[in-house]
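Chemist: Dropping a structure here in structure tokens format, bear with me for questions.
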Amino acid sequence: MASRTEGEATGSRRRWARLAVLGAAGALAVLAALLVPPWFAALVPAGAQRRAKAAVLVAAQPIYGTALAIDLVALVLLARVVLRGRRRRERRPLAARLLLLCGAVLVASLLAEGAAAARRALRPRSGPLPTLPTRFEAGPADEVNVVVIGGSSAYGLPFERWLSTGHIVAWQLGRAIPGKRFRLDVLAELGATLQAAHEKLAGYRRRPDLLIIYSGHNEFATRDNWARGIAHYADDRPAGGPGRVLGDLARRASPLCRTFQEAVDAAGLGEPPPREVTRALVDVPCCRPDEYRERLDDYRRRLEALVAHGERLGTLAVLVVPPANDADFEPNRSYLAPSTTPAARRAFDVRFRAARALEAADPAGAIASYRALIAEQPSFAESHYRLAQLLDRRGDRDEAYREYVAARDRDGLPMRCPSDFQEVVREVARRHPRAAVLADGQAACRAAGPRGLLDDHLFLDAMHPNVAGHCVLATAILDALRARRAFGWPEATPTPRVDPAEATRHFGMDPRSWATACEWCARFYELTAYIRHDPADRLARIRRFREATRRIVAGTPPGSLGPPGIGDPAPDVAGAPGVDPGGIPRPR
């Protein structure tokens, strides 16, 4: 009896010891959760943090899938062991405990999967709409508050230290409408999607009188890792080692793993662009059709929400159709129909290269070949682009324009706002005639382009306007405001026609600004050269802009260097002492 009492006491002490250890471990875990993240964020560089986050999220997918598969197998085997023991009236305490543990893991996994599936079903991928403010700080009675939201094009990159479309609009409004002062806040940010712009406006505490919404280029380029590719063709299989195969299978079967991967993609995490050719001519898109539709729907609902909120406040919205460099920026990726077999893809590759080889010696034959390829595979962006270039050289500008737009819209890694997103801007403006005016940047740039095309004469790279491009967009906005007689615009006052040279002088642009622009362009093409199957044109542009930077620093007038859009058209440009060609502007 005494020995039993001693045994019970020993067992009780052991249980209390285990509870104490578990309690201490829990307390340490809570303490670590509270203290480690701030120290980690403070001590570890941002790039290393991003890589660590990416590594954890990517590794979690195959690990989770493998662990769940093992749990299911163990659950079945342990259930058999426990049931067999019951039939034989044998106690199997270890097997029963392990069975309970496996069951608990399965229940927790099912709850997590259900929560992830419900999140995907009930909420758009980009999240709920933010609550926009309705109470604001009071401003002067004669002041008109002009607010610009959007991405880097609206921000003015790489000229934001000097000017942007919003700067030119506010300047010219002040000249056209006497008795008013126009205050400008540029809330646009590098890489911002419309979702990010919407959320930024939610924290703004001055009532916008004029809200310029210039957003649409980043709905794919800053949401997706540039190396991302989907399983597009019917015969596609996961590439890479066992971890990548398991990760792909886990994403296909598990809403939770898809949520992990979305976190990687949405944050732009993962590997940087390569420094060698890694893409094939016949490539795959960066996102699935359902993801594309989801982003388009979210873009529409956010634009509608912004305009509707402005209507309640009495804010006039200017909806800018985001234009881009359709003619002088090649598509990043081209892909064929999903049903195309491997043999048909190889044959198409051979025929495309044969058509390209004809371009110099037999342009008419190359045009016929590209037309045949487009008739067979209309989704292949590179065919549209090469055909457009040949038509452009031949002088068929209207057809060339249509083919350039088709190439931009079919790009498998879109960096320029596609036409269906542009059309959403027009639709929202039509639905809200009292609260919004339309500045159709695509139409304005086409009308202003020397060849009737959107090309290097108006853009520095894929989508960032040069000074002339900003002037064209500002004029389109001013035209829309004058037609509305906004803010008391006098009947007799015409729309100002902004001269780029006058704008550069007014905003104090100097050789340093042009050196900054050249260096930005070189870096942009460095980032994007090898996300294409053929980087030759972009590599040539890097050399051209780097040479222009060097010569500006040496004192050469920027306007005499050759790249369109670089340099004040006025001939009397001063030297460039003290220019730092590596100093790329960052957000304020």
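The values are calculated or read from the model by the stated rules, or taken from the named source; none is laboratory data. Here the structure is a predicted model, which is why all the values come from computation and not from measurement. Positions of Cβ are generated from backbone atoms using ideal geometry, with glycine treated the same way; all protein chains shown enter the neighbour counts. SASA here: full protein model, heavy atoms, side chains in, ligands and nucleic acids out. Shrake-Rupley method; radii C 1.70, N 1.55, O 1.52, S 1.80 Å.
Chemist: By how many nm would the segment from GLU491 to ALA343 grow when fully extended, if each residue of separation counts as 0.36 nm and the alpha-carbon distance is taken off? Can you show the working numbers first?
Modeler: On the way: separation 148, 0.36 × 148 = 53.28 nm, distance 6.61 nm.
Taking GLU491 through ALA343 to full extension adds about 46.7 nm, to one decimal.
Chemist: Given labels modelled 7 Å from the Cα in the Cβ direction, how far is it in nm from ALA536 to ALA368?
Modeler: 2.4
Chemist: First compute the accessible area of the stretch 423-519 with a 1.4 Å probe, then give the percent of it belonging to carbon and sulfur atoms. List each step's numbers first, then the result.
Modeler: Working: 1840 of 3450 Å².
Ligands and nucleic acids excluded, carbon and sulfur reach 53 percent.
Chemist: Separate question: Could you order TRP226, TRP162 by accessible surface area, starting with the largest, using a probe radius of 1.4 Å?
Modeler: Details: TRP226 65, TRP162 30 Å².
Ranked list, largest accessible area first: TRP226, TRP162.
Chemist: Further question: Measure off 7 Å from each Cα along the Cα-to-Cβ vector at ILE63 and GLU311, then give the distance between these two points in nanometres to one decimal.
Modeler: If labels sit at ILE63 and GLU311, their model points lie 5.0 nm apart.
Chemist: While we're looking at this one, here's another question. Based on the Cβ-Cβ distance from ALA202 to ALA96, what FRET efficiency comes out when R0 is 56 Å, to the nearest 0.05?
Modeler: Working: r = 53 Å, r/R0 = 0.95.
E(calc), rounded to 0.05, equals 0.55.
Chemist: For the stretch 117-208, what % of the accessible area comes from carbon and sulfur atoms, probe 1.4 Å? Don't skip to the end; give the middle numbers.
Modeler: Numbers: 1890 of 3810 Å².
Solvent-exposed carbon and sulfur of the stretch 117-208 make up 50 percent of the total.
Chemist: Efficiency by 1/(1 + (r/R0)^6): what FRET value for ILE70 and ALA354, r their Cβ-Cβ distance, R0 = 41 Å, to the nearest 0.05? Mind showing how you got there, number by number?
Modeler: Working: r = 52 Å, r/R0 = 1.27.
Efficiency for this residue pair is about 0.20.
Chemist: Using a 1.4 angstrom probe, figure out how much accessible area the stretch 481-544 has per residue, in square angstrom, rounded to the nearest whole. Please list the in-between numbers first.
Modeler: On the way: 2650 Å² over 64 residues.
The answer is 41 Å² per residue.
Chemist: Taking 7 Å along the Cα-to-C-beta vector as the label spot, tell me the ARG87-LEU111 distance in nanometres, rounded to one decimal.
Modeler: Reported label-point gap for ARG87 and LEU111 is 3.4 nm.
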